[in-house]
1. If you go through segment 281-293 one residue at a time, do you hit one that is within 8 Å of ligand 2 (Cβ to nearest atom) and either of a type in the set (A, V, I, L, M, F, W, C) or assigned by TED's automatic domain parsing to the domain that holds LEU363 (or both)?
2. Every residue in segment 113-163 that is under 30 Å from LEU67 (Cα atoms) and among the acidic types (Asp, Glu), please.
3. Please enumerate the residues belonging to segment 316-341 that are away from ligand 2 (no atom under 16 Å from the Cβ) and within 15 Å of PRO393 (Cβ to Cβ).
4. Any chance you could count how many residues in segment 357-377 are away from ligand 2 (no atom under 14 Å from the Cβ) and β-branched (Val, Ile, Thr)?
5. Give the residue, chosen from VAL344, VAL298, VAL330, that is away from ligand 1 (no atom under 16 Å from the Cβ), under 23 Å from the mean Cα position of the chain (by Cα) and of a type in the set (A, V, I, L, M).
6. With the condition kept exactly as written, say whether any residue in segment 267-275 is in contact with a strand residue (DSSP E or B) (Cβ under 6 Å, 6 or more places away or on another chain) and away from ligand 2 (no atom under 12 Å from the Cβ).
7. Of all residues in segment 251-265, which are within 16 Å of ligand 2 (Cβ to nearest atom) and either β-branched (Val, Ile, Thr) or crowded, with 19+ Cβ neighbours inside 10 Å (or both)?
8. Among the residues of segment 148-182, which ones are in contact with an Asp or Glu (Cβ under 8 Å, 6 or more places away or on another chain) and of a type in the set (Ser, Thr, Tyr)?
Amino acid sequence: MIPVEEALARVLALVAPTGVESVPLRQAAGRVLAEPVAARLTQPPFAASAMDGYAIREADHVAGRVLTVIGEAAAGRGFGGTVSEGQAVRIFTGAPVPAGAERVILQEDVTRAGEDITLGTRLEEGRNIRAAGQDFAEGDLISAPRRIGAKEIALFAAMNVPEVSVRRRPVVAFLSTGDELVMPGEAPGPDQIVASNGLALAAMAEAEGAEARVLPIARDTEASLRFTLALAEDADLIVTIGGASVGDHDLVGKVLADLGMAQAFWKVAMRPGKPLMAGTLGRSAVLGLPGNPVSSIVCGHIFMLPAIRAMLDLPDPAATPIQATLSAPVEENGPRAHYMRATVKTQDGVPVIHALPRQDSALLSVLGMSNALLIRPVGDKAREAGELVSYLPI
Ligand SMILES: Nc1nc2c(c(=O)[nH]1)N[C@H]1C(S)=C(S)[C@@H](COP(=O)(O)OP(=O)(O)OC[C@H]3O[C@@H](n4cnc5c(N)ncnc54)[C@H](O)[C@@H]3O)O[C@H]1N2
Ligand code: MOO
């Protein structure tokens, strides 16, 4: 058994960033930017009014001054002339500030009568003008890699960049094994159960930015495993589920070895997830997850998602622990890092974590009511209520 940190380092060493492709902005949400984006124009392209009001000269910014309105500047339709002393141009938010004008006075702060305005007695400090290029200038770079969200899409659109270079979605193939398994919706036989892990892990992988493929369930025979594995030949990552332990029908390790998998490790000092294995088969990295539903999903968080993030070239791919206060004491931990199903709630503005009482790695109902994995390091001493501990949100 190797420690979790070492196992993760070895998993990350098995994967490499995927290639780069170009996508239109409309399809860029959730993708990972692969190359820096350069602004194709300056924003704002001209000095623009920040308010609805009147553009005037600085020398006219005097309480009670009467000015003549000589024209109008609207957003998308500027005023072609020049503002001289004694003059004002009616202006609206986003309109180019006309030549000669040095500030915009709010319409609330003037009285208008015909073509004249009279400045009030309350004069504002702010000039209400957005300088050209105050947001970004042509050629300014947005660095990669970064996950593209709505705010990046807004920025790239404003920069007039209609397409961006992103990492190809890593293809992750999920192979569930076991004679006891049927797909959801099928009628299980007397000794059978419904497969849950493949669909859950595929959902996790997709949410992280991968292209997930759920393969047919392999039977507990070498022939069935070989046949199904062949369907995953072109995957960047093959995730097998079940058959990883030491039972007579746990054939995944044997078949992968026979097919030539270079094994990176088998067995990790963690709970749940001990029989985890990893390696490389052809051009694919392989993660062999234990079959117990909670074990497979915990391993998905701790190993599969970081591997996907690494293939997307995201920095710091490992899951980032957060701190919370324990709600109740927890016992001393044993020789495996324990990822306890737990709930985190904010109490008086502070996150408080509560370890759930039943920790059997087959209990999907308990996983379903948890939103955190409380991390108990190897050999951690008993902890009291109120102590700070680390957890991973799930
Ligand atoms: N003698 C030992 N027995 C076991 C050990 C051990 O060290 N010595 N380790 C235990 C631990 S810990 C785990 S975890 C399991 C993992 O075993 P496998 O990876 O071989 O998983 P299976 O035996 O195939 O299945 C375990 C359990 O999970 C169910 N399962 C499997 N796949 C799915 C799926 N896709 N969806 C839902 N449920 C699934 C399966 O029916 C079994 O109930 O081994 C322990 N044994
Ligand atoms: O390591 Mo197993 O995953 O505890 O149930």
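The values are calculated or read from the model by the stated rules, or taken from the named source; none is laboratory data. Bear in mind the structure is a predicted one, so any value in this text is a computation, not a measurement. Positions of Cβ are generated from backbone atoms using ideal geometry, with glycine treated the same way; all protein chains shown enter the neighbour counts.
1. The answer is no; no qualifying residue exists.
2. Matches in segment 113-163: GLU115, ASP116, GLU124, GLU125.
3. ALA318, ALA319, THR320, PRO321, ILE322, GLN323, ALA324, listed by residue number.
4. 1
5. Selected residue: VAL344, the only one of VAL344, VAL298, VAL330 that is away from ligand 1 (no atom under 16 Å from the Cβ), under 23 Å from the mean Cα position of the chain (by Cα) and of a type in the set (A, V, I, L, M).
6. Within segment 267-275 (the criterion being in contact with a strand residue (DSSP E or B) (Cβ under 6 Å, 6 or more places away or on another chain) and away from ligand 2 (no atom under 12 Å from the Cβ)), the answer is no, since none of the residues qualifies.
7. Listed by number, the residues that qualify are VAL252, GLY253.
8. Answer for segment 148-182, where residues must be in contact with an Asp or Glu (Cβ under 8 Å, 6 or more places away or on another chain) and of a type in the set (Ser, Thr, Tyr): SER165, THR177.
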